[in-house]
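The next block holds one structure in the form of structure tokens; read it before the comments.
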Amino acid sequence: MSESQAAQQAPDAAESTVVVSGIQPSGALHLGNYFGAIRQHIELHRKHEAYFFIVNYHALTSVQDAEVLREHTLNVALDYLALGFDPDEACLFVQSDVPEHTELAWILYNLTPVSRLEKGVSYKEKIAQGLAPNAGLLNYPVLQAADILIYGGTRVPVGADQKQHIEITRDLARRFNRVYAEGDDPVFPVPEAHILNDVAVVPGTDRDDQGRPRKMSKSYGNTIGIFDEGEALKDKVMGITTDSVPLADPMPTEGDNVFSLIKLFADDEKQNEIAEKYRHSDYGYGHAKKELLAMIEDEFAEARARRKELEQRPDYVRDVLREGAQQARRRAKRYMERVREAVGLNY
Ligand code: TRP
């Protein structure tokens, strides 16, 4: 988006689509992240006015090592740029570079019942995983609501696990408008969740207790990194859990991790071709894994080369983030002005 375009987008141009999404800086991105979200983010950022930010404030709920946080933050930016995010098309920036996020969050806290937050599915899950139940974790969804509303976001591309957070955001938008806005002049549009998870189920490299493939997830340690390469990549792919079927017997494609992963990369024709091979006697899981490996290498070859190039230009990456934040902030400030006026913070 050009600067003049950004300047023309009045806060009340709410009819047009404004895409907003936060990205967790949680370490090396994997195929599950790619097919589950990143690919669609990259697609969406070209089609609409869009604000994508790395949520380092949210990350404080789980990362308390400054070096790690810095590193993960820059790494996600590198990943997105390498995978095709074009900073001329939309804003990519770091959440904490736009302080209006936290400023709006404070105002929204006062419209949020604590009981609602205590019932949060994600909050309860994170506590079960051992995170400290501090106020940051409890209030996480309110900051997320501020992230979205501060840009007048209308569409939020997220995984299905974020549904409840978007519900809270919608309620806060309505509540703010009801409490503070003049009748037919609402401050915030009520955003829609654009759920991405259904697009692709990405199995990891292992199976659960019942021998069924399970979701690729960092917490299961069954991931294949988008930027893994060489031996590391090969070891992961060749190590994918499969049934043991004698080479002479046909292999089932249903419930096979390798085939499910192949499906993500191959077009219909190629899928049929490989499914056919699965039924033949001279084709085993080793062969299928080699095909998968070649597909992964092929799919990400360009992004990997680009990432190496970007790694040599950390100043360029910082510039992109800084400019992204500047542009985003212009919009955030206009919303914040309306909020201050509506709430009575200006005097
Ligand atoms: N909670 C989201 C996640 O875990 C990340 C996030 C933070 C977010 N702020 C957001 C997503 C705003 C969408 C919009 O994935």
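The values are calculated or read from the model by the stated rules, or taken from the named source; none is laboratory data. Predicted model only: the values in this text are computed from it and were never measured. Cβ: placed from backbone, ideal geometry, glycine included. Neighbour counts: every protein chain shown. With ligands, DNA and RNA removed, areas are computed over all heavy atoms of the protein, side chains included. Shrake-Rupley method; radii C 1.70, N 1.55, O 1.52, S 1.80 Å.
The set of residues from region 65-117 being within 22 Å of residue 329 (Cα to Cα) and hydroxyl-bearing (Ser, Thr, Tyr) comprises 73, 80, 96, 102, 109. When each of 233, 293 is tested for being in contact with a helix residue (DSSP H, G or I) (Cβ under 6 Å, 6 or more places away or on another chain), outside any loop (DSSP other than H, G, I, E, B) and either surrounded by 17 or more Cβ atoms within 10 Å (Cβ to Cβ) or outside the structural domain of residue 24 (by TED's automatic domain parsing) (or both), the lone residue that passes is 293. For region 103-121, filtered to residues that are touching a residue at least 12 places away in the same chain (Cβ under 8 Å) and part of a loop (DSSP other than H, G, I, E, B), the residue that is nearest to residue 134 (Cα to Cα) is 120. Collect the residues in region 149-185 that are away from the ligand (no atom under 14 Å from the Cβ) and surrounded by 18 or more Cβ atoms within 10 Å (Cβ to Cβ), keeping them in residue-number order. Result: 176, 177, 180. Modelled with pLDDT under 95 and open to solvent by 90 Å² or more (accessible area, probe 1.4 Å): is that true of residue 282 in this structure? Here the answer is yes, as residue 282 does meet what is asked.
From the list 312, 327, which residue is crowded, with 18+ Cβ neighbours inside 10 Å and either farther than 21 Å from residue 227 by Cα or out of contact with any Lys or Arg (no Cβ under 9 Å at 6 or more places or on another chain) (or both)? Just a single option satisfies the conditions, and that option is 327. Taken over region 186-199, the residue count meeting the criterion of being more than 13 Å from the ligand (Cβ to nearest atom) and in a helix (DSSP H, G or I) is 2.
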